[in-house]
1. Restricting to the stretch 10-26, what's the tally of residues that are closer than 15 Å to TYR58 by Cβ and of a type in the set (A, V, I, L, M)?
2. Could we say that ASP59 is within 19 Å of TYR138 (Cβ to Cβ) and of a type in the set (D, E, K, R) here?
3. Would you list the helices (runs of 4 or more DSSP H) that sit entirely within the stretch 101-192 and hold 2 or more residues that are closer than 30 Å to SER83 by Cα?
4. Do you know which of the residues in the stretch 4-56 that are among the β-branched types (Val, Ile, Thr) and at pLDDT 85 or above is farthest from LYS84 (Cα to Cα)?
5. For the stretch 153-193, enumerate the residues that are farther than 19 Å from GLY233 by Cβ, aliphatic (A, V, I, L, M) and at pLDDT 95 or above.
6. Say whether the condition of being of a type in the set (Gly, Ala, Ser) and touching a His at 6+ places or on another chain (Cβ under 7 Å) is met by at least one residue in the stretch 241-262.
7. For the stretch 237-246: of the residues being without any contact (Cβ under 8 Å) to a residue 40 or more places away in the chain and buried (at least 17 other Cβ atoms within 10 Å of the Cβ), which is farthest from CYS190 (Cα to Cα)?
Amino acid sequence: MPKKKAPRKPKLAVWKFASCDGCQLSLLDCEDELLAIADAIDIAYFPEATRAVVRGPYDVSLVEGSITTSHDAERIHKIRRASKHLVTIGACATAGGIQALRNFQNVNEFISLVYAQPQYIETLKVSTPISYHVFVDYELHGCPINKVQLVEVLNAFLNNRRPVIPSHSVCVECKRQGTVCVMVAHGTPCLGPVTHAGCGALCPAYNRGCYGCYGPNDSPNTTSLADRFEHLGLDHAGIARSFRTFNANAAAFRHESEAHEHNI
C-alpha cells in the first residue's frame, strides 16, 4: 500500500516593520516552548531566526512594528492577503509604539534635528498601528510582549479557538503578589489601574509606578486616574507626559493626554 502523506504543518510567518525587534526576540526566548512550536508548525518566514524562506500563503502571520513609511503601508496589504490569520504583537504594532510620539508634533522638526541630510529621509507624518491599514485578527499587547501569552496565542489560532489572555489591570497582579500599592502608600503616580496585565507588575514590585507598557485595558477610566494624579501634585503637563510613553497613540491614552495638553 502507498504510504500516506504526512499532514501539512501550518505555516507561520513573522514580519517586522518599524520597531526594535524586542517582541520577535520574545518568541526566541520561549526556548523549550519554541522547540514544541517548531515541531507543530512550519516556520516559513522569520528573518530574525533563519534565512530559509517558504512561500505563502501563511496560516498565521505575526507582525511586529508600526507603519511609518509609504512602502510599509503597501507591504502590509500584501502580507494581509497572504495570511489566513494576522496577529499584531507589541506596542508598536498595536498602538504605533514610542515612535508615535511624532504624531503630537511636526515630524519634519525631528528629522532636521536628528539627521545631517534630512532631504534623504522619506517618512510619514504619523506612526500608526497595523489595524489602521488592514484587518487584524488579534492584538497582543506589551513592550515587549509576554512570551507565555505569545505561546497561548499561537496555540489558540492553530487550534481554531480564541486566545485566553487576561483583560484585567496591573492592579490585579499587584494584589495577587501582595505588592503594596505605590500610589496609596507612597503617592507615586502609577498607570497600573488602566493598564493591561501581563508584565507581572514588575515596576510596582520595585516601588516604581507602572509606565503602561501593555497599553490600556479593556475599560480604562483614564479621567479618574488623571484626577488622582492631579491630587498627587502633577500639573497638566506632567499628566499628559504620563500617558505618552510606549502606548501614547492608544486611543484611551491619546485622548487623555490631549485633554491635558489643551489645558497647558
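The values are calculated or read from the model by the stated rules, or taken from the named source; none is laboratory data. As the structure is a computational prediction, the values presented were derived from the model and not from experiment. Glycine gets a Cβ as well: all are built from the backbone with ideal geometry, and neighbour counts include every protein chain shown.
1. Counting residues in the stretch 10-26 that are closer than 15 Å to TYR58 by Cβ and of a type in the set (A, V, I, L, M) gives 3.
2. In short, yes.
3. Hits in the stretch 101-192: 147-158.
4. VAL53
5. VAL170, VAL172, VAL180 - these are the residues of the stretch 153-193 that are farther than 19 Å from GLY233 by Cβ, aliphatic (A, V, I, L, M) and at pLDDT 95 or above.
6. Scanning the stretch 241-262 turns up no residue that is of a type in the set (Gly, Ala, Ser) and touching a His at 6+ places or on another chain (Cβ under 7 Å).
7. My answer is ALA240.
So that you can scan it fast, the table gives a plain yes or no per residue for (1) farther than 20 Å from ASN155 by Cα; (2) among the aliphatic types (A, V, I, L, M); (3) more than 17 Å from the chain's Cα centre (by Cα):
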residue	(1), (2), (3)
ALA13	no, yes, yes
ALA52	yes, yes, yes
ASP72	yes, no, yes
ILE89	no, yes, no
